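Here's the structure we're looking at; comments come further down.
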Amino acid sequence: MTIAPVQSSPSLGSSGWTDARLILALEEVVEKELNRHLAIAKEWMPHEYVPWGQGRDFDGVLGGEAWSLEQSKVTPLGRVSLVVNLLTEDNLPSYHHEIATMFGREGAWGTWVHRWTAEEGRHGIAIRDYLLATRAVDPVELERARMSHMSEGFESDNAHSMLHSVAYVAFQELATRISHRNTGKYAGDPLADQLLAKIANDENLHMVFYRNLLKAALEIAPDQAMGAIADVVTDFRMPGHGIPGFERAAAQIAIGGVYNLRIHHDDVLQPVLRHLRVMEVTGLGPEGLLAQDRLGAFLDGLDAQATKFEERQAALLARREARRNAG
Ligand SMILES: [Fe+2]
Ligand SMILES: [Fe+2]
């Protein structure tokens, strides 16, 4: 773990905002956003979304039926995406540790961190129950992947400052929302779609919390916030990158249209950046202006890369279609 305790964080940038001072300055915003979240978030019951009637005993202790692929009613893309999404949710203890270490457990910050963790926990529970009751994936492989992924822990790429962490989670929560939403769309089971839409709704509220916090940070410490946003956007990786076989899964997820560069650029980065009017922020010092330029150049490059990806994707899908027709 490389996160420095808040008290010993060095002074950041020329404006002299330390993490400890920023955390204090944002406390009121955190409290306001926490109250807004608590007022909007509606309680929901994960067990209501799981078709328990489809469930039956597995082999082993209870002597039921072993899992086999033909039992799974979800699409191959749905299987891969559901597992990646679940394993990402499963690694929650590591994320909680990162966030609680960075923001502290006192006052509104602490209340938020614990509440957020409890909500994320519900997501993992609901997806796992759905997968096991419907026999959508191999339960042994799933458990081994969970053990292996969680045993790796999670180390944030964004531990340089609390603003980096806030910027990362603002984009990451939206990325998770889109990923759940598209997984539901392509899973081939309306029940999966219904459950993932519910979860995606929570992720959206999480995104709004962190995005509004980032907005306040842009007003209080514009240069540092701009620097953090530029760093995070130019070096973004999903938290699931430590999942066994992630590269291969990510490629399938990209080609299948659950999550790829085009989606990342259009549906994740741009909506947050536009909402914050990041490219129009004025009153920046030299550091902030440099960061803003760096961000703008990166986004242009990403857009071009996304277009190239779409061309490769279209060609690949056309080849697959031709093979299917030939066979
Ligand atoms: Fe979640
Ligand atoms: Fe979330």
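Roughly how many Å is it from the Cα centre of segment 78-137 to that of segment 235-276, as a whole number?
Taking the Cα centre of segment 235-276 as reference, the centre of segment 78-137 is 18 Å away.
Order of 127-134, 237-244 by packing, highest average Cβ count within 10 Å first?
Averaged packing, sorted descending, gives the order 127-134, 237-244.
For Trp17, enumerate residues with amide H under 5 Å from its amide H, sequence gap 5+ or separate chain, H modeled in the peptide plane.
Leu12
How compact is the chain by the rule of thumb for globular proteins, expressed as Cα Rg over 2.2 N^0.38 Å?
Dividing the Cα radius of gyration by 2.2 N^0.38 Å gives 1.06.
If you count, for each residue, the other Cβ atoms within 10 Å and average over each peptide, how do 248-258, 292-302 line up from highest to lowest?
248-258, 292-302
Which of the lysines could a cross-linker span from Lys198 if the Cα-Cα distance has to be under 17 Å and same-chain partners fewer than 8 positions apart are dropped?
Lys42, Lys185
Hey, what number do you get for the chain at 222 nm if only DSSP H runs of n ≥ 4 count, each worth -39500 (n - 2.57), divided across all residues, to the nearest 500? Provide the component values of the computation, followed by the final result.
Numbers: 11 runs with 216 residues, N = 327.
For the chain, the value works out to -22500 deg cm²/dmol.
Using all C-alpha to C-alpha distances in segment 243-293, build P(r) with 5 Å bins and read off the rounded percent in each one.
Going out from 0 Å in 5 Å bins, segment 243-293 shows 4, 17, 17, 15, 13, 10, 11, 9, 3, 0 percent.
Summing Lys, Arg as +1 and Asp, Glu as -1, what charge do residues with Cβ under 13 Å from the Cβ of Leu290 carry, Leu290 excluded?
Local net charge: -3.
Which aspartates and glutamates have a Cα less than 14 Å from the Cα of Lys215, not counting those fewer than 8 places away in the same chain?
Glu27, Glu28, Glu33, Asp223, Glu280
I'd like the Karplus ³J(HN,Hα) series for segment 248-261: coefficients 6.51, -1.76, 1.60, θ = phi - 60°, whole numbers in Hz, and an x wherever there's a Gly or Pro.
Per residue, the Karplus-derived 3J(HN,Hα) values read 5, 4, 5, 5, 5, 5, 6, 4, x, x, 7, 7, 8, 4 Hz.
No lab work stands behind these numbers, since they all come straight from the coordinates. The shown structure was predicted, so the numbers you read here are calculated from the model rather than taken from an experiment. Quick reminder, even Gly has a Cβ in these numbers, built from the backbone with ideal geometry, and neighbours come from all protein chains shown.
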